[in-house]
Amino acid sequence: MKSSQPYSIHVIGDKILRTPAAPIVEITDEIRNMAQRMIATMFAFNGIGLAAPQVGISLRLVTLGVPARGNGNTPGEAALLAQMPLVLINPRIISHCEETAMHEEGCLSVPNIYGHVERPSVVLLEALKLDGSRLVMECGGLTACCIQHEIDHLNGVLFVKKVIPDEQYEIRRKADKLEQRYSAMNNHIRINP
Ligand code: ZN
């Protein structure tokens, strides 16, 4: 399959989105090709982040395409923004600050539903890059939020479970509706060629 060929997106209701993904043990050509296709998919759907389970692959790989606005909230975020689109293999949060930040989040796997989630505002991230080098970087701002959202996907967790208490009832109602609607489409959405 061509590396620019977008995948279809698996949406809420699909079991793969609730399943913890497996670590990647070797960065093969297949993994590199998959990462390129995920970047193409992320941009085709106008996303700023994508996790492999969202394209039906239960492996710990995420792509980020956070647009660089200004210099980022922290030096680490600025350094990461300069590398977008970025591929993170087996990413994990080593530590995080006590302070939290609230962002309105959305997700390609939960189309047209948005909600506020409170997360640590700065995290220390560890991951492998596609060339096999190890990345350890502090990161704040929208990128920190996005990384945490994507790592949640690798652990089988959707953001709708994490919205602030005030919005939980409403988001659950909308998410249930969406899940019913998409089950008729086998929980896949595709870009029309
Ligand atoms: Zn998502």
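The conditions are (1) modelled with pLDDT of 95 or more; (2) of a type outside the set (Lys, Arg); (3) within 14 Å of the ligand (Cβ to nearest atom), and TYR169 fails exactly one of them. Which is it?
(3)
When you go through (1) within 16 Å of the ligand (Cβ to nearest atom); (2) in contact with a Gly (Cβ under 7 Å, 6 or more places away or on another chain); (3) of a type outside the set (Val, Ile, Thr) one by one for GLU77, which number turns out not to apply?
With respect to (1) within 16 Å of the ligand (Cβ to nearest atom); (2) in contact with a Gly (Cβ under 7 Å, 6 or more places away or on another chain); (3) of a type outside the set (Val, Ile, Thr), GLU77 is out only on (1).
What is the one condition in (1) part of a loop (DSSP other than H, G, I, E, B); (2) crowded, with 18+ Cβ neighbours inside 10 Å that GLY76 does not satisfy?
Evaluating GLY76 over (1) part of a loop (DSSP other than H, G, I, E, B); (2) crowded, with 18+ Cβ neighbours inside 10 Å leaves (1) as the failure.
Looking at this structure, is ILE147 of a type in the set (A, V, I, L, M, F, W, C), open to solvent by 10 Å² or more (accessible area, probe 1.4 Å), closer than 22 Å to ALA21 by Cβ and assigned to a helix (DSSP H, G or I)?
Criteria not met by ILE147.
What are the pairs, 6+ residues apart or on separate chains, where a residue within the range 159-177 that is under 13 Å from GLU104 (Cα atoms) has its Cβ under 8 Å from a residue that is assigned to a helix (DSSP H, G or I) and open to solvent by 30 Å² or more (accessible area, probe 1.4 Å)?
Cβ pairs passing all conditions: VAL160/ARG172.
Each row is one residue, and each column tells you yes or no for (1) in contact with a Pro (Cβ under 7 Å, 6 or more places away or on another chain); (2) under 24 Å from LYS174 (Cα atoms); (3) in a helix (DSSP H, G or I); (4) open to solvent by 70 Å² or more (accessible area, probe 1.4 Å).
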{"residue": "GLN5", "(1), (2), (3), (4)": "no, no, no, yes"}
{"residue": "GLU30", "(1), (2), (3), (4)": "no, no, yes, yes"}
{"residue": "ASN33", "(1), (2), (3), (4)": "no, no, yes, no"}
{"residue": "VAL66", "(1), (2), (3), (4)": "no, no, no, no"}
{"residue": "ASN71", "(1), (2), (3), (4)": "no, no, no, yes"}
{"residue": "GLN83", "(1), (2), (3), (4)": "no, no, no, no"}
{"residue": "LEU88", "(1), (2), (3), (4)": "no, no, no, no"}
{"residue": "PRO91", "(1), (2), (3), (4)": "no, no, no, no"}
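Would you confirm, using the coordinates I've provided, whether VAL117 is within 16 Å of the ligand (Cβ to nearest atom) and in a loop (DSSP other than H, G, I, E, B)?
The answer is no for VAL117.
The values are calculated or read from the model by the stated rules, or taken from the named source; none is laboratory data. The shown structure was predicted, so the numbers you read here are calculated from the model rather than taken from an experiment. In this analysis, Cβ positions are derived from the backbone assuming ideal geometry, glycine residues included, and neighbour counts consider all displayed protein chains. Surface areas here come from the heavy atoms of the whole protein model, side chains and all, with no ligands, DNA or RNA. Shrake-Rupley method; radii C 1.70, N 1.55, O 1.52, S 1.80 Å.
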